[in-house]
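Data first, discussion second: the structure below is written as structure tokens.
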Amino acid sequence: MFICIAGAAGAVVANRLTEDPKVSVLLLEAGGSNENILDSEAPAFAGLMAPGTSWDWNFTSTPQAAINNRSVAAARGFLLGGSTSLNFMVYTRGSAEDWDRYASITGDRGWSWDSLQPYIRKNEHFVSQPSTKHADPEPQFNPKVHGFNGINAVSLEGFPKDINERVIRTVQERSAEFPFNQDMNSGKQLGVGWVQATVDKGVRSSSATSYLGPRFMKRPNLHVLLNARVTRVHGNRSNRGRMAFNSVEFTQDAGGTSHTVTASKEIILSAGVFMTPHILLHSGVGDSASLKELGINAVHHLPSVGRNLREQPSTRNQWLVTSKMTQETFAQNATFFSEQVDTWQRTKTGPLVDPPNSFLAWLRLPRDSSIFKRFHDPTPGPHTAHFEFIIANGLLSRAVPATGNFLRFGTAVVQPMSVGSVTINSTNPLDHPVINYNLLTSEYDLFVLREAFRQSNRFLSHPVWKDYLISPPTNATTDDEINAYIRANAGPMNHPIGTAAMSAKHAKDGVVDPHLKVKGVDGLRVVDASIFPITPTAHTQAPTYIVAERAADLIKASWGLK
Ligand SMILES: Cc1cc2nc3c(=O)[nH]c(=O)nc-3n(C[C@H](O)[C@H](O)[C@H](O)COP(=O)(O)OP(=O)(O)OC[C@H]3O[C@@H](n4cnc5c(N)ncnc54)[C@H](O)[C@@H]3O)c2cc1C
């Protein structure tokens, strides 16, 4: 039997391993069910899922020095499907160069873009939304680079927005600066393109609805236990002194009672970027000196656990607009809200079928940018972005102003240089991890976010926006003014990675080897977004799914399974 923790990646592994009826998997999830939650199912309501709800772990970061000492929400899904049950559903794979760099860092060609193509297709089930024509005026995606028979649904926008024509005209008429990219998931991501999202005919497709959907949950060898919070993993030391992990300790009543379950084969940690290192550290796997100082029995010295936290810093940049039909309208007009919920519940059509974001742009700084005199270029090559625009027809959240409609023109640094950490400060595994993003502490990140903001203003200076925009998010123009705006407003994109990073087999740093086994011990693997050594130039769910699809094959191969 394998024991696995649920989430984006854990669900994939559990599904793939139980394809073999002789293999059984126990999937443990700290949160509850994903079913019958309107805000999770209706894509337009994604912004209502977190932060500050019972579906979120409700973590907050430590005070972040470079953003005016603000602590920021570090949202993570606390329900089956993990963060894929509450994320914004954007589907981006990153650039081919990103994956080729992982192959080169790990010395394993299996992580290269070309080698991963079968896994990308195993994950993806590209579907058409019923309510829009996507061949007009030109195709909005390239079918040659998509999978149509995978498990997790991906589709284009299903309900047209006021902003669409304006974005397209800007791109057509300013193509030198903002070229159109028909399909940012081809491996060549640069340019502006339509969002592809994990939506299945108007309904969120999460790892819970897809990989743990009814057709798979029927398998007698797949066992899912909800409200089961893993506190530690345990093992024995062999005669040669090597730790072999084989059991998982968990609680279903907030620590009142504790249970232990034993894996005859392997334990797969897929608790995500914050909780995977948290479980490892509480189990005595981490930097021995710090663990001893806390009073935790250090069973395996692995100093990289929890280090290398990387997050994409962003600002939302909300413009007041003349439109009366943006995402805010749902919160401001109760009649419209209930009519649209009714339409969606009956027909799965209307504005609720789409997540908030309509377009993304992946862009680079000029080659002669002054920042490269002081910093090396962190991108893996010329076809990978330095920054991103995230363009949305408003945003429905729990903090929508009573009046006013907005264009949300987010900007983000997609290859950040600031590095943070996840640590613990108590011996109680029910305490939250200590999350320090170190957001924007690198001068490079601040520079790129500033340039991205300036570029977003260039984009919106096209005359097509004149009768649409009422007022900007800020009047800042000088470096100092924009820096002050960024420091007051920046936050995380919710795309953290890196806290159990993979490295080459014999490399001294890193937490897992290229086959995702925890270095120096037996019986323990990590399969989730924490294994990325460097940020993928992407929103992180598709990269995590891709990792998990390959991981399932690596695990099968280890045990001689089909
Ligand atoms: C608000 C938000 C918006 C996002 N938007 C997007 C987007 O639009 N596109 C995109 O690509 N990515 C997005 N992401 C990121 C994406 O969802 C994550 O990168 C991805 O889900 C990571 O997968 P994972 O398997 O590493 O972790 P998760 O999906 O977070 O899963 C971890 C799971 O482990 C469970 N768990 C944790 N600790 C324990 C424990 N001790 N015991 C038992 N269970 C435990 C959690 O409850 C959770 O179910 C977003 C994330 C958030 C939070």
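Points to keep in mind about this one:
- Under 13 Å, Cβ to Cβ, from THR349 - net charge with Lys/Arg +1 and Asp/Glu -1: -1
- Taking the centroid of alpha carbons for each part, region 43-74 and region 315-350 are 23 Å apart.
- Cβ-based net charge around ASN227, under 12 Å, with every Lys or Arg adding one and every Asp or Glu removing one: -1
- Remark: the LYS22-ARG454 segment gains 149.8 nm on full extension, using 0.36 nm per residue and subtracting the alpha carbon distance.
- Relative contact order [Cα under 8 Å, 6+ residues apart], region 287-382, whole percent: 11 percent
- On Cα atoms only, tilt of 272-282 relative to the major axis of the chain in degrees: 30 degrees
- The relative contact order of the chain, computed from alpha carbon pairs under 8 Å that lie at least 6 residues apart in sequence, is 22 percent.
- Magnitude of the charge dipole for region 331-387, about its Cα centre and with charges confined to Cβ atoms of Lys, Arg (+1) and Asp, Glu (-1), is about 320 debye.
- Length gained when the stretch ALA402-ASP368 is fully extended (0.36 nm per residue, less Cα-Cα span): 7.7 nm
- Of all DSSP beta bridges in the chain, antiparallel share, percent nearest 5: 70 percent
- Length-normalised contact order of region 310-435 in % [C-alpha pairs under 8 Å, at least 6 apart]: 38 percent
- Of LYS22/LYS265; LYS324/LYS466; LYS265/LYS519; LYS201/LYS324; LYS122/LYS562, those spanning more than 21 Å from alpha-carbon to alpha-carbon: LYS201/LYS324
- When a 1.4 Å probe is rolled over the protein heavy atoms, the share of accessible surface on the chain that falls to carbon and sulfur comes to 51 percent.
- Quarter of Cα convex hull surface for region 351-400, i.e. mean projection, nm²: 5.8 nm²
- Acute angle (nearest 10 degrees) that the helix 334-347 long axis makes with the longest principal axis of the chain, alpha-carbon atoms: 60 degrees
- Three-way shape label, region 353-444, alpha-carbon gyration tensor, a/c 1.5: oblate
- Whole-angstrom gap from region 381-433 to region 455-511, using each part's C-alpha centre: 8 Å
- Solvent exposure of the chain, expressed per residue, is 37 Å² of accessible area, with all protein chains present and a 1.4 angstrom probe.
- Here each label is just a point 7 Å from Cα along the line to Cβ, and for THR427 and GLN172 those points are 6.9 nm apart.
- Against the chain, whose longest principal axis comes from its Cα atoms, helix 443-459 is set at around 30 degrees.
- Candidates THR423, TYR102, PHE159 compared by Cα position along the dipole of the chain: farthest toward the positive end lies TYR102, with charges placed on Cβ.
- Stretchable slack from ASP480 to LYS188, in nm (0.36 nm times residue separation minus alpha-carbon distance): 101.7 nm
- Scaled radius of gyration (Cα, divided by 2.2 N^0.38 Å) that the chain gives: 0.93
- For GLY560, neighbours were defined as the other residues whose beta-carbon sits under 14 Å from its Cβ, and their charges (Lys and Arg +1, Asp and Glu -1) total +1.
- From phi via Karplus (6.51, -1.76, 1.60), per-residue ³J(HN,Hα) for region 79-88 in Hz, x at Gly/Pro: 6, 4, x, x, 5, 6, 8, 9, 7, 8
The values are calculated or read from the model by the stated rules, or taken from the named source; none is laboratory data. The structure displayed is predicted, hence computed values, not measured ones. Ideal geometry is used to build each Cβ from the backbone, glycine not excepted, and the neighbour counts take in all protein chains shown. Ligands, DNA and RNA are excluded from the accessible area calculation, which covers all protein heavy atoms including side chains. Shrake-Rupley method; radii C 1.70, N 1.55, O 1.52, S 1.80 Å.
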